[in-house]
């Protein structure tokens, strides 16, 4: 049941016992320019056995990664991944596994001969995250174990994981790969080189997750590397930077031209924050429901962070507010039967309740969300649900369905806790819940990040946002009907959040010359809010086109949940992914050696890549084994075979980033500068 370390497993002579494959090294190179980050991830592994093997690799992705390249070298053979529609990729590989998870990439590669080395390179890009004057990049390096309600904890050789699939989570085995035993020690070393070209002088920068070295290359340009050179991939890499005071961007426009078509990325930071006194005077009384994760994956530092965050939130409640606390693990429990007034007696009881929370059991989040989101409205009272969790769930789709069905007039705000949170789930849950997502990866920043969240909770949101494109001399729209922008509809914005819009302008459109201004308008505190951005000041930024395509595909997937015809959406998504060479829920990287190098009687054996235990996680609480124990004879990892055979896959998943590769493991990735709908 060990599921947290990256790596690759090879089968031993003893049935069910796998040995970690030698990881010869993993390296990440990244370049940040403006609002776009581009990464190339390199992995090297070796098959030390006497048989040909098939490797399975699992790799985490940032919330909005756009994967577009896969290259592999096996011995002397060079293989390049090609984006194909899933059905075609299945034919190429012969077998495939259903996979539609946009934040974990899984891939398989066949015919790795005895003694052969495998090198893998994957490339992807994403928009950065900007919030409250700070740019932030979070690159996932490890997949935390995901709790899957109803799944039997039996590992299958074919699935290469330790959970049986269930109807709503068909890829259960793939998102819970094997974990290195304690005796094997930390593995999957990773090195990193990141070049930052911010475009403006910096006031500060830091990595709360890793010790780093920095070298100044010029004004606003830095080279960032890991101080230790290589480090085990057991936590996400996080890097934050702030512009000099007075240099913070209010608006930015980035563009790219592909085959005559213009692609734009607009970033606009509305100046909407009022003083605390003004906000308190205008804001209606609130009903705040705090949902806190007390499952085993939160044991240790994560729960300490969560408790501190919740206690801080209780202290900000105002007279006239109401509140409740719901904790969940394998069961759900409410502090009060219904929301109580924020009076001293109730708050004292709540603080004692929070201090007594203990992390244990599974992450059964569904009943907790159903309890918090009752689908009702509160006249004259603003209802906010604040969920504090690491998001270690595998049934994201079921949770999204509950949020969209039962949100009512509530707003859902998510707080990501720990060294390797499921950022995709929490960002998207906040998007569906019309709230905001906050990430706290460092206990030293809990107070600071919670203060930023309170500003969002206590200030009015900018709602009903709409874009108006330039008009001609007669006042007629210059082709705005031809402009396709995402997200659509535009999300609500909270204090400190930027509006990030990706748009495509056809080659023959009058707007293709990028002249005039685009107007952004909305409603703020019952009043009309408006600003303009000139189109002729855009900065060239390669990659904007693919980011637009990634956002469109995500928008089409969301539209299906809203009732749009699934087949029509699939066809549009496939066409977009193929046009822009992107992985998606409907396309796959077909990367199989069509000229087998193994003897005809040498049947390859599937091998799993074990992952590191995320830093701060308790093996005993999450996996049911003691900190010093291994689920099998050391230094291997025991995986009990189940009587179910699952098909293999080429390379699957949209945002599911490079996982399962010949005996590949590695662990790394991410830069986060824009996040998904909230």
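The values are calculated or read from the model by the stated rules, or taken from the named source; none is laboratory data. Keep in mind that what you see is a predicted model, and the values were worked out from it rather than measured. Positions of Cβ are generated from backbone atoms using ideal geometry, with glycine treated the same way; all protein chains shown enter the neighbour counts.
Confirm whether residue 564 is at pLDDT 85 or above, crowded, with 16+ Cβ neighbours inside 10 Å and outside the structural domain of residue 410 (by TED's automatic domain parsing). Quick ask: steps written out before the conclusion?
Working: at pLDDT 85 or above: yes; crowded, with 16+ Cβ neighbours inside 10 Å: no; outside the structural domain of residue 410 (by TED's automatic domain parsing): yes.
When the stated conditions are applied, residue 564 does not pass them.
Of all the helices (runs of 4 or more DSSP H) wholly in region 315-413, which have at least 3 residues that are crowded, with 17+ Cβ neighbours inside 10 Å and under 30 Å from the mean Cα position of the chain (by Cα)? Steps first, answer last, please.
Values: elements: 344-355, 365-372, 396-406.
Once the helices (runs of 4 or more DSSP H) in region 315-413 are filtered for at least 3 residues that are crowded, with 17+ Cβ neighbours inside 10 Å and under 30 Å from the mean Cα position of the chain (by Cα), what remains is 365-372, 396-406.
Return the only residue of 91, 95 being part of a loop (DSSP other than H, G, I, E, B) and either within 27 Å of residue 395 (Cα to Cα) or at pLDDT below 80 (or both).
On the way: 91 fails: part of a loop (DSSP other than H, G, I, E, B).
Every option except 95 fails the conditions.
Output the number of residues of region 558-578 satisfying the condition of being touching a helix residue (DSSP H, G or I) at 6+ places or on another chain (Cβ under 7 Å) and more than 30 Å from residue 111 (Cβ to Cβ).
Just the residues of region 558-578 that are touching a helix residue (DSSP H, G or I) at 6+ places or on another chain (Cβ under 7 Å), to begin with: 559-561, 566, 569, 572-573, 576-577.
Then keep just the ones that are more than 30 Å from residue 111 (Cβ to Cβ); that gives 559-561, 566, 569, 572-573, 576.
Total satisfying the criteria: 8.
Failed condition for residue 361, given (1) over 23 Å from residue 423 (Cα atoms); (2) touching a residue at least 12 places away in the same chain (Cβ under 8 Å), with all others met?
(1)
Given the conditions (1) crowded, with 24+ Cβ neighbours inside 10 Å; (2) within 13 Å of the chain's Cα centre (by Cα), report the number of the one that residue 433 does not fulfil.
Condition not satisfied by residue 433: (2).
For the list (1) at pLDDT below 85; (2) under 30 Å from residue 323 (Cβ atoms); (3) in contact with a helix residue (DSSP H, G or I) (Cβ under 7 Å, 6 or more places away or on another chain), I need the number of the one condition that residue 450 fails.
(1)
Per-residue answers, yes or no, for (1) assigned to a loop (DSSP other than H, G, I, E, B); (2) touching a helix residue (DSSP H, G or I) at 6+ places or on another chain (Cβ under 6 Å); (3) modelled with pLDDT of 90 or more:
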site: 199; (1), (2), (3): yes, no, no
site: 210; (1), (2), (3): yes, no, yes
site: 214; (1), (2), (3): no, no, yes
site: 225; (1), (2), (3): no, no, yes
site: 247; (1), (2), (3): yes, no, no
site: 272; (1), (2), (3): yes, no, no
site: 280; (1), (2), (3): no, no, no
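Test residue 554 against the stated conditions and say whether it is without any contact (Cβ under 8 Å) to a residue 40 or more places away in the chain and not assigned by TED's automatic domain parsing to the domain that holds residue 199.
Details: without any contact (Cβ under 8 Å) to a residue 40 or more places away in the chain: no; not assigned by TED's automatic domain parsing to the domain that holds residue 199: yes.
Judged against the criteria, residue 554 is not a match.
Out of all the residues in region 223-243, which are more than 21 Å from residue 62 (Cα to Cα) and buried (at least 19 other Cβ atoms within 10 Å of the Cβ)?
243
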